[in-house]
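The structure appears below as structure tokens.
The values are calculated or read from the model by the stated rules, or taken from the named source; none is laboratory data. In this text, all values refer to a predicted model and were calculated from it rather than measured experimentally. Every residue, glycine among them, receives a Cβ derived from its backbone with ideal geometry; neighbour counts consider all protein chains shown. For accessibility, only protein heavy atoms count, side chains too; no ligands or nucleic acids. Shrake-Rupley method; radii C 1.70, N 1.55, O 1.52, S 1.80 Å.
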Amino acid sequence: MITIDCKKKISDDFSIDARLEINKGSFVCLYGRSGSGKTTLLRILAGFLRADSGSIKDGDLVLQEGNEFLSAGKRRIGFLFQDYALFENMSVTGNLLFARNDPQKAAMLLEILELSEFAKSGVEGLSGGQKQRVAIARAMAMQPKVLLFDEPTSALDPEMVDEVLAVIRRLASTGITMVIVTHEMSFARDVASRIIFLDGGKIIEDGTPEKVIKRSRHAKVRSFFEALTN
């Protein structure tokens, strides 16, 4: 279980103040309007940003507590960026080997993600959906305990969105813990075990998709999802 109880000041009028637990094997979707703190919270969990106070723990492993801070590379947490963040000067396989120098593991992941035919290709010639699948394979090469996705379909053409979501669905079925920022509501409703809604850096709603999407007590949450369905 990941336990988060931390604060992070972003500006004079905006701070992250998060208290939540994420169970092993759960699929959590983060929602909220632009600027609500979703990506910042992911980056704190990943270790790209250090919280100002509080603690973050993965079971008995301390990710941050006081001045003790485990670096991003040691957390075994994979992070998927909106813009893929691939090395354009490397081959598809080279990108995976950069994360973990294990050719056998790289070949296996490329086969699982149906990318074997592109193993020796440069990533610059791939479609958006293929690039995101390479990014997912690279994250998996690190054998993460947790996968974080920051709007993984936002940079994709509409016809590529289903391709990437299908891969994420398959990963969800393996039982790996996943936290995703997305506006794909039907996907979240079908796959998520839990939806967390942020507003102004704070969690204002937390529950099952049915509860949060259809029966929230908060006007801001209801209006947000109503706008997505219109």
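Of the residues S173, S193, S223, which is farther than 30 Å from D13 by Cα, open to solvent by 10 Å² or more (accessible area, probe 1.4 Å), without any contact (Cβ under 8 Å) to a residue 60 or more places away in the chain and not aromatic (F, W, Y)? Please lay out each step first, then the result.
Numbers: S193 fails: without any contact (Cβ under 8 Å) to a residue 60 or more places away in the chain; S223 fails: farther than 30 Å from D13 by Cα.
Unique residue meeting the criteria: S173.
Take V161 and decide whether it is among the hydrophobic types (A, V, I, L, M, F, W, C) and buried (at least 21 other Cβ atoms within 10 Å of the Cβ). Walk me through it before giving the result.
Details: among the hydrophobic types (A, V, I, L, M, F, W, C): yes; buried (at least 21 other Cβ atoms within 10 Å of the Cβ): no.
Taking the combined requirement at face value, the residue does not satisfy it.
No other residue among K105, K145, K57 is farther than 30 Å from A18 by Cβ and either at pLDDT 90 or above or in contact with a His (Cβ under 6 Å, 6 or more places away or on another chain) (or both) apart from K105. Find the residue count for segment 196-217, including only residues that are open to solvent by 60 Å² or more (accessible area, probe 1.4 Å) and not basic (K, R). The number of residues fulfilling the criteria is 2. Taking segment 146-158 as the range and being in contact (Cβ under 8 Å) with a residue 24 or more places away in the chain and more than 12 Å from the chain's Cα centre (by Cα) as the test, the residues that pass are S154, A155, L156, D157.
Could you list all residues from segment 16-32 that are open to solvent by 50 Å² or more (accessible area, probe 1.4 Å) and among the polar types (S, T, N, Q)? Even if it seems obvious, please write down each step before you answer.
Looking only at segment 16-32, we keep the residues that are open to solvent by 50 Å² or more (accessible area, probe 1.4 Å), and these are 19, 21, 23-24.
N23, the sole residue that qualifies.
Residues that are over 30 Å from D102 (Cβ atoms) number at least 2 in the following helices (runs of 4 or more DSSP H) confined to segment 125-208: 158-172, 185-191. I136 fulfils the conditions (1) under 27 Å from V28 (Cα atoms); (2) open to solvent by 40 Å² or more (accessible area, probe 1.4 Å); (3) not acidic (D, E) except for a single criterion, (2). Close contacts from segment 179-190, counting a first residue that is of a type in the set (K, R) and a second that is open to solvent by 10 Å² or more (accessible area, probe 1.4 Å), with Cβ to Cβ under 7 Å and a gap of 6+ residues or different chains, come to R189/P209; R189/I213. Among the residues of segment 47-66, are any touching a residue at least 60 places away in the same chain (Cβ under 8 Å), open to solvent by 70 Å² or more (accessible area, probe 1.4 Å), part of a loop (DSSP other than H, G, I, E, B) and more than 21 Å from S154 (Cα to Cα)? Within segment 47-66, none of the residues are touching a residue at least 60 places away in the same chain (Cβ under 8 Å), open to solvent by 70 Å² or more (accessible area, probe 1.4 Å), part of a loop (DSSP other than H, G, I, E, B) and more than 21 Å from S154 (Cα to Cα).
Checking each residue in segment 89-98 for being surrounded by fewer than 19 Cβ atoms within 10 Å (Cβ to Cβ) and among the hydrophobic types (A, V, I, L, M, F, W, C) picks out M90, L97, F98.
Every residue in segment 2-46 that is in a loop (DSSP other than H, G, I, E, B) and on the phi < 0 side of the Ramachandran plot, please. Outline the logic, then answer.
Initially, segment 2-46 is screened for residues in a loop (DSSP other than H, G, I, E, B), giving 12-13, 23-26, 32-37.
Correct list: D12, D13, N23, K24, S26, R33, S34, S36.
What number of residues within segment 89-109 satisfy the criterion of being in a loop (DSSP other than H, G, I, E, B) and closer than 19 Å to I176 by Cα?
1
Looking at segment 77-88, is at least one residue assigned to a helix (DSSP H, G or I), surrounded by 13 or more Cβ atoms within 10 Å (Cβ to Cβ) and not charged (D, E, K, R)? The answer is no, given that none of the residues of segment 77-88 is assigned to a helix (DSSP H, G or I), surrounded by 13 or more Cβ atoms within 10 Å (Cβ to Cβ) and not charged (D, E, K, R).
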